[in-house]
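Here is the structure we will look at.
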Amino acid sequence: SKWFAQEKISRQDEDKKDKKKKILIPIDFSDYSIKACELGINYASKVGAEVMLMHAYFSPYFPSAIPLGDTLAYQSSEERATMQNVLKHVQNDMNDIQASIEKKMNEGELPRVKYDCILREGLPEDEIISFSKEYHPTLIVMGTRGKSQKDMDLIGSVTGEVIEANNVPVLAVPENF
């Protein structure tokens, strides 16, 4: 019985560590995600939370395409250059949004909060759900739709998937908020 009791204590200790308020804001650089970013930062300031901006990008040469092989061995130098260009483009977009946030914080348009950014390669909905399990946010704030969604869609497929497959509350922010 001590073994089971020790397990219970270690879980309680783990829960205490995770009591820090964290807000995860998945972004795709669309107007929807910029609005979600602004709302999430304002909310984080009010509740004393830290913010993690996350962008998941899908490379056309996704590593899991060949499950048991080394994908780099099958790629030409042109394909590797394309992968590097995708990553460079995504890094530039993330740098631009960070510069925009810093500018707004310095000008007083956004409150100053602790935030960080992360890039993940993979399907956005899978990466958001996976990272959420690692990061343990108290709230996920994201746009209702992404860059490539149709105007007729009420909610995008990524947002819907995250809401359905996650046990963390999700605040979906419409573009015209």
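The values are calculated or read from the model by the stated rules, or taken from the named source; none is laboratory data. Here the structure is a predicted model, which is why all the values come from computation and not from measurement. Every residue, glycine as well, gets a Cβ built from its backbone with ideal geometry; the counts of neighbours run over all protein chains shown. With ligands, DNA and RNA removed, areas are computed over all heavy atoms of the protein, side chains included. Shrake-Rupley method; radii C 1.70, N 1.55, O 1.52, S 1.80 Å.
Filtering region 83-139 to residues that are within 18 Å of ILE163 (Cα to Cα), part of a helix (DSSP H, G or I) and open to solvent by 50 Å² or more (accessible area, probe 1.4 Å) leaves ASP126, LYS133, GLU134.
Take the conditions (1) at pLDDT 90 or above; (2) surrounded by 13 or more Cβ atoms within 10 Å (Cβ to Cβ); GLU175 misses just one of them, which is (1).
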